[in-house]
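Asker: To start, I am sharing the structure in question, which I have written as structure tokens.
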Amino acid sequence: MGMDKNVNGREMLRDMGYDVTIGIPVYQVEQYICKSLLSALNQTYPNIEFLLVDDCGDDRSMALVDDIKCNHPRGRDIRILRQDRNMGVAQARNRIIDEAQGEYLYFMDSDDIISENAIALLIDTARNHDAEIVFGSYQKIEVYNNGKRTEKYQYPFMQLLSENELAAFAYRKYGGIQSSACNYLVRLSILRDSGLKFINTNYWEDMAFTFELVTYIHRAVLLPDVTYYYMCRYDSLSNYQRRESIGKPEILRNITTVDYMKKRTVLFKDKPYYPNRCYNVVMTGFYVICNILKNRKLIKPPFSTPELHGLMRHPATLAEIIRFRQAMLKNLLLYILGKMPASACIFMIKMMGKLKGLT
């Protein structure tokens, strides 16, 4: 009788619509998908749609998903979208944006896990503050053959409840907010009304998305509570650490994303956060160069000095930078660095990287 009552309750919630959609792209994750999906299904919050995209892998990931769907008490709340062919995580997430039925959307990756109260905490905060987006804190777990290392990324509790306030906070320093598209609850209408989508790449597409999303948000809350456990695996697309070799085309896709963010930056010249956004995007190029220099023996084929130099192109003009009221000196330094001859520029970055322990 208790199970029937729970089932009837979920049927009523579906008829009324979902409060939240958890969107999960699925591709080649048979070792992780069960633990990941069960962490979503075991949420204490009841009114959730679980929207999974089958991105046409050739392992048993979707067979495991189908088994959970058939046997879990919340299986009827799982909806599976099947791609015609493998299209990558960006297109899978774009499809989730188009087809989600929740008022709020929460992305998670199919090899990560979330805390049992993640959605309850995020949506209660959104309701209490009429927030368009709520960020949870997260723990990064780097998994290797010989063990793992954990690191916590924790926000202070903050209410950013006016126009431009979240973007100003996000751009105030490099890495001001998470670059991942996971672990924040965002009102779905914001994404649909703005037309914001993931760019068509498998590398740093989430960085470009979140970097842009903050410019559309007027009311945001950041929480110190850890709601997400990000598993950084040896074979992850985003992980260069402890690799035996790194293909140059992989890094070129990162560079393409940085170039995209630079081009988009000029659209925000009239915003108070424009100087800090410029600094962030050029510093992203700086750190890519440092990473290439650090791993230069592993990268095949190698990068030329002029190729690296191009990453330091600044989106603002010298005249604009001189008029900046924020981050003027930092932007001026990066601008001058980018205007140096290629060999001198890369030499300086190598020296600066050594001082910071980056090269």
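Asker: Amide H to amide H under 5 Å from residue 102: which residues, 5+ apart in sequence or cross-chain, H placed 1.01 Å off N in plane?
Answerer: 21
Asker: Amide H of residue 232 versus every other amide H placed in the peptide plane: which residues, excluding those fewer than 5 positions away on the same chain, fall under 5 Å?
Answerer: HN-HN under 5 Å from residue 232: 141, 142, 143.
Asker: For the chain, what % of the accessible area comes from carbon and sulfur atoms, probe 1.4 Å?
Answerer: Carbon-and-sulfur percentage of accessible area, whole number: 52.
Asker: Do the alpha carbons of any pairs in 148/248; 173/262; 330/356; 173/330; 248/339 sit beyond 19 Å of each other, and which pairs?
Answerer: Violating the 19 Å limit, Cα to Cα: 148/248; 248/339.
Asker: To the nearest 0.05, how large is the calculated FRET efficiency for residue 152 and residue 332 if R₀ is 25 Å and r is the Cβ-Cβ distance?
Answerer: Details: r = 35 Å, r/R0 = 1.38.
With a Förster radius of 25 Å, E is 0.15.
Asker: Can I ask one more? What distance in nm separates the simple spin-label points at residue 253 and residue 296, each placed 7 Å from Cα in the Cβ direction?
Answerer: Taking the two extended label points, one gets 2.5 nm.
Asker: Relative contact order for the chain: what is it in percent, counting Cα pairs under 8 Å that are at least 6 residues apart? Don't jump to the answer; show the numbers that get you there.
Answerer: On the way: 626 pairs, mean separation 54.9, N = 359.
Answer for the chain is 15 percent.
Asker: Provide 251, 177 ordered by accessible surface of protein heavy atoms (probe 1.4 Å), highest first.
Answerer: Listed by decreasing accessible area, they come as 177, 251.
Asker: For the full complex of protein chains and a 1.4 angstrom probe, list 206, 66 by accessible area with the highest value first.
Answerer: Final ranking, largest accessible area leading: 66, 206.
Asker: Which of the peptides 326-333, 220-227 is most tightly packed, and how do the rest follow, going by the mean number of other Cβ atoms within 10 Å of each residue?
Answerer: 220-227, 326-333
Asker: Moving to a separate point now. Identify which of the listed values of percent of Cα pairs over 38 Å apart was calculated from the structure shown: (i) 31; (ii) 14; (iii) 20.
Answerer: Read-out from the structure maps to (iii).
Asker: State in Å² the accessible area per residue of region 50-153; use a 1.4 Å probe, count heavy atoms of protein chains only, and round to the nearest integer.
Answerer: I get 44 Å² per residue for region 50-153.
Asker: Search the structure for amide H atoms under 5 Å from the amide H of residue 246, placed 1.01 Å from N in the peptide plane, and list their residues when 5 or more places away or on another chain.
Answerer: Amide H neighbours of residue 246: 299, 300.
Asker: Given only helices, namely DSSP H runs of n ≥ 4 each adding -39500 (n - 2.57), what is the per-residue ellipticity at 222 nm of the chain, to the nearest 500 deg cm²/dmol?
Answerer: Taking each H run of at least 4 residues, the total per residue is -13500 deg cm²/dmol.
Asker: DSSP loop trypsin sites (Lys or Arg not before Pro) in region 46-129 with at most 11 other Cβ atoms within 10 Å of their Cβ, which ones? Could you put the intermediate results ahead of the total?
Answerer: On the way: sites: 60, 69, 74, 76, 79, 82, 85, 93, 95, 127; in loops: 60, 74, 85.
The qualifying sites are 85.
Asker: Send over a whole-number figure in Å² for the accessible area per residue of region 294-359, probe 1.4 Å.
Answerer: Using a 1.4 Å probe on heavy atoms only, each residue of region 294-359 averages 64 Å².
The values are calculated or read from the model by the stated rules, or taken from the named source; none is laboratory data. Predicted model only: the values in this text are computed from it and were never measured. Neighbour counts run over all protein chains shown; Cβ positions are idealised from the backbone, glycine included. Side chains included, ligands, DNA and RNA excluded: accessible areas come from the protein's heavy atoms. Shrake-Rupley method; radii C 1.70, N 1.55, O 1.52, S 1.80 Å.
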